[in-house]
Amino acid sequence: MIATEDRVLSSPADLEDLRKKIEKKRSTIVKSVHVCIGTGCAAKGSRKLYELFLQAVKETGQKAKISSACVGCHGFCERGPIVVIQPGNILYQQVEEPDVEEIFRETVIGDRVVERLVYQDPASEARKVTVDEIPFYKAQKRVVLRNNGHIDPTNAEDYILVGGYSALVKALTTMEPDEIVEEVEKSGLRGRGGGGFPTGRKWRSCRDAEGEQKYVICNGDEGDPGAFMDRSIMEGNPHLVLEGLIIGGYAIGASRGFIYVRNEYPLAVEHLTGAIQQARSLGFVGDNILGTNFSFDIRINRGGGAFVCGESTALIASLEGRVGEPRAKYVHTVEHGLHDMPTNLNNVETWANIPTIVKNGSYWFASIGTEKSKGTKVFSLVGKVVNTGLVEVPMGITLRQIIEEIGGGVKDEKAFKAVQTGGPSGGCIPADLMDTKVDFDELTRHGSMMGSGGMIVMDEDTCMVNVAKYFLTFLRDESCGKCTPCREGVPQMLHILDRITHGEGEMGDLEKLEELSELLAEASLCALGSTAANPVISTVRYFREEYEEHIFNKRCPSKVCRGLFSYEISPEACKGCGICAKNCPVEAITGERKEPYFIHQEKCTKCGICLEKCPFTAVLKV
C-alpha cells in the first residue's frame, strides 16, 4: 500500500514519478496470484482461498518473489471461485480450499498447469488454459471492465500502475471544461442507467445552468432483479468511478460529488470508502487538486433499498433526507436538483466510461458500436443460460451472440424461448428475434429496452404469463404510490394476471390489460409507472397464444401455473413403491406393490405432492 501520508501529489509530474516508483517496486515480482473476491466468488468461499494463498506466499513465496492479490469480478461467475496466475493469464475455475496447495506447488512454483481445474469447452471437450482462449471472453470487448480481475480494488497503487488518474491529469492540465463537455458530446455516450439520454447534452445543460453551487451524483442504487453490473464495477475498480466523477465535476463546474449506493452492497461501500480515503491522501480529492485551482470533495450516501430511488428526482429527495418520491419531469434536475441547485446525475457505468473517453478521445469511443448507440455495454447475463455472469460487449452485437457464443446457450439442452432485457420495466424478446442488435433503439423497437443492463434468459419451460406476473408483483411492491395511475393501475393489472394464472381468466382480459398499459404509459409521474406495463405488453404481443390457452382452455402450456395442468404416472418409469399413494392427501392414487400406480384425475387436486415425493421421476406433468 502507498505511504499516502507523505505523498500528496501536487503536479502531473508527481503522478508520473509515483507511477515509475511503483513500476520499479513491482518489477522484482516474478509471479502473482489473483483471487477474485467479488460478491459471487466470495459467496463460494474465495476470501478463504485468498488467505490460504497469502499464507503460502508468506511461507515460501517471498523468497521466490511471488505476490498474491485480491481482485474484482472476472465476470465468469458461473465458474467461480476464479483464480488467475500471472504471467501466463492461466485461469483456474471452481477452485476449492484443497486445491490451493496444488496450484501453488505446480503452477506458481513449478510452471505446470493443473489440468483438472482449467476450463473445458463443452462442445469440443478441449481444455482452455488462458483467459483469452475461453469462449466466454472471446466475443466481449472490455472497456469499463478491462481492469476488473487485474487490479486490487483496495490498493490505489494498482490503479495508478495501469494508467489510473492520467485522464484526470489530462483534463485538469490540458483541457478547458467546455472542451471536456464537447468531447463527451462527440463521443455519443448515452446514459447507461436506463434512459439512454445523451450524456454530453445533460452535462452541457448543467454547466450552462445558473446556480451558486453545482453538484454531480453517481447513481449506484442498482435495484433490478438479476442485475449486478454497477455493483461489480464499484467493487472491482472503485477508483475508475471516482476519476470519472471528479472529471465530471471539473467539466460541469461542481465542487461536490455524491455516490448513492444501495445499503445491500456492503463490499461496494467498503471499497469506495477506502478509495475516497486514498484519493484524498494522494491529492486527487480535496483542495487544489494536482496544484490547480480546482477543488472537489466526494461523499457516500447509502440508500434504504427502495427501487424507486433509482429514479433521479426520487434519489435526490432521498439525499436531502426526504421520502424517496419522484417529482414532475418538467422541472429538470440539471437546473433545479439537489438543494434546488443545478445537478448532474449519471449511473456508475456512465461515469466509469468518462476517463477512457478523455484519455483516448471521443473518436476512439465513437468508433465502437452503432450509429446512435456508441461504445460498449455491461450486462449481467442470468437465468436459464449455461454461462451466467458479467459481460461487456460492443453495442450492435446480437442477442444470439450474447446468449449462444458468450452464454454458451440454454441450460440442459432446452429450447430458448425468450430473453428479458431492461430490468422489471423491460420487455421479453422471443426466439425468432434472436438476431436483434443490442442497442437503445432496436430493443425499444421490439418492445423492450436497454435499461441498466439486466438480461434474463428463459427456456421452453418458462410460463410467460407467470413472468409478467412476477415483474408486476415486484413493481407493485416497489411503487412509491405517489401517482394514481401507478398506485392503482399496476395492482389492477396484477389482479388480472393473477386470475389468469389461476384458471380464472375471462373474455376481454387481454383488452383490459392493453387499456391499462396505455393509461400507465401516458399518465404516470415517473418511469417506474410509465414502463411498468412493458413485461405485460411484450408478452401479450409475442406470446398471445399462451395467454389465450390460460384464459380459454384453462391450461398452462409450460406446466408452471398450478391447477392448469395434470399429473400422470409413467407405467414404464414407475417401480410400484407406493410412495406417491402414501403421500396423496385426497387418496387419488391407487395401485399394487411392484406394479405401476395410477392417478384418478376426477379426484386429483393437482397439488403436486406426488411429483415432489416420487424418487424415480415417474410422475409427469401433462
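Residues to consider are VAL169, VAL184, VAL95, VAL144; find the one that is under 25 Å from the mean Cα position of the chain (by Cα) and in the same structural domain as ILE276 (by TED's automatic domain parsing).
Only one candidate passes the filter, namely VAL184.
Only residues that are at pLDDT 95 or above and of a type in the set (D, E, K, R): list them for the stretch 209-226, please.
Once the filter is applied, which keeps residues that are at pLDDT 95 or above and of a type in the set (D, E, K, R), the stretch 209-226 yields only LYS214.
Out of all the residues in the stretch 537-570, which are within 20 Å of LYS613 (Cβ to Cβ), touching a helix residue (DSSP H, G or I) at 6+ places or on another chain (Cβ under 7 Å) and hydroxyl-bearing (Ser, Thr, Tyr)?
Listed by number, the list holds a single entry, TYR567.
Conditions tested, residue by residue: (1) part of a helix (DSSP H, G or I); (2) buried (at least 19 other Cβ atoms within 10 Å of the Cβ); (3) under 31 Å from the mean Cα position of the chain (by Cα); (4) free of Cβ contacts under 8 Å to residues at least 60 places away in the same chain.
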{"residue": "THR28", "(1), (2), (3), (4)": "no, no, no, yes"}
{"residue": "VAL35", "(1), (2), (3), (4)": "no, yes, yes, yes"}
{"residue": "GLY75", "(1), (2), (3), (4)": "no, yes, yes, no"}
{"residue": "ILE85", "(1), (2), (3), (4)": "no, yes, yes, yes"}
{"residue": "GLY88", "(1), (2), (3), (4)": "no, no, yes, yes"}
{"residue": "PHE104", "(1), (2), (3), (4)": "yes, yes, no, no"}
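Of all residues in the stretch 394-442, which are touching a Ser or Thr at 6+ places or on another chain (Cβ under 6 Å), under 22 Å from GLU78 (Cα atoms) and hydrophobic (A, V, I, L, M, F, W, C)?
Within the stretch 394-442, LEU399 is the sole residue that qualifies.
If I filter the stretch 116-133 down to residues being charged (D, E, K, R) and assigned to a loop (DSSP other than H, G, I, E, B), which single residue comes out as surrounded by the most Cβ atoms within 10 Å (Cβ to Cβ)?
Here the residue is ASP121.
Would you say LEU497 is within 24 Å of GLY451 (Cβ to Cβ) and either touching an Asp or Glu at 6+ places or on another chain (Cβ under 7 Å) or surrounded by 16 or more Cβ atoms within 10 Å (Cβ to Cβ) (or both)?
yes
Just to verify a result, which residue in the stretch 550-586, among those that are β-branched (Val, Ile, Thr) and part of a loop (DSSP other than H, G, I, E, B), is nearest to LYS603 (Cα to Cα)?
By that ranking, first place goes to VAL586.
Of everything in the stretch 388-438, what is touching a strand residue (DSSP E or B) at 6+ places or on another chain (Cβ under 7 Å) and either of a type in the set (S, T, N, Q) or in the same structural domain as GLU546 (by TED's automatic domain parsing) (or both)? Give them in sequence order.
Matches in the stretch 388-438: THR388, THR398, GLN420, THR421, THR436.
If the requirement is being within 30 Å of SER425 (Cβ to Cβ), free of Cβ contacts under 8 Å to residues at least 60 places away in the same chain and not assigned by TED's automatic domain parsing to the domain that holds MET449, which of these qualifies: ARG280, ARG231, ARG262, ARG256? Give the derivation first.
Values: ARG280 fails: within 30 Å of SER425 (Cβ to Cβ); ARG231 fails: free of Cβ contacts under 8 Å to residues at least 60 places away in the same chain; ARG256 fails: within 30 Å of SER425 (Cβ to Cβ).
Going through ARG280, ARG231, ARG262, ARG256 in turn, just one is within 30 Å of SER425 (Cβ to Cβ), free of Cβ contacts under 8 Å to residues at least 60 places away in the same chain and not assigned by TED's automatic domain parsing to the domain that holds MET449: ARG262.
Which condition breaks for ALA418 when tested against (1) in contact with a Gly (Cβ under 9 Å, 6 or more places away or on another chain); (2) crowded, with 20+ Cβ neighbours inside 10 Å?
(1)
What pairs come out if I take residues in the stretch 304-316 that are assigned by TED's automatic domain parsing to the domain that holds ARG256 and pair them with residues that are of a type in the set (Phe, Trp, Tyr) and part of a helix (DSSP H, G or I) whose C-beta lies under 8 Å away, six or more apart or interchain?
PHE307/PHE474
Got a sec? Which of GLY257, GLY200 is assigned to a helix (DSSP H, G or I), at pLDDT 95 or above and of a type outside the set (Asp, Glu)?
GLY200
Specify which of the listed residues (ILE537, ILE496, ILE500) is in contact with a His (Cβ under 7 Å, 6 or more places away or on another chain) and in a helix (DSSP H, G or I).
ILE500
With the requirement that a residue be within 12 Å of VAL35 (Cα to Cα) and touching a Leu at 6+ places or on another chain (Cβ under 8 Å), what does the stretch 75-84 give you?
PRO81, ILE82, VAL83, VAL84
Taking the stretch 265-282 on its own, how many of its residues are in a loop (DSSP other than H, G, I, E, B) and surrounded by fewer than 21 Cβ atoms within 10 Å (Cβ to Cβ)?
Total meeting the criteria: 0.
Search the stretch 37-62 for residues being among the basic types (Lys, Arg) and under 33 Å from the mean Cα position of the chain (by Cα), and hand back the single one that is nearest to ARG79 (Cα to Cα). Reasoning before the result, please.
So the first thing to find is which residues in the stretch 37-62 are among the basic types (Lys, Arg), and the list is 44, 47-48, 58.
Filter once more, keeping what is under 33 Å from the mean Cα position of the chain (by Cα): 44, 47-48.
On the way: LYS44: 10, ARG47: 16, LYS48: 17 Å.
Out of the qualifying residues, it is LYS44.
The values are calculated or read from the model by the stated rules, or taken from the named source; none is laboratory data. Source: prediction; values computed, not measured. Cβ: placed from backbone, ideal geometry, glycine included. Neighbour counts: every protein chain shown.
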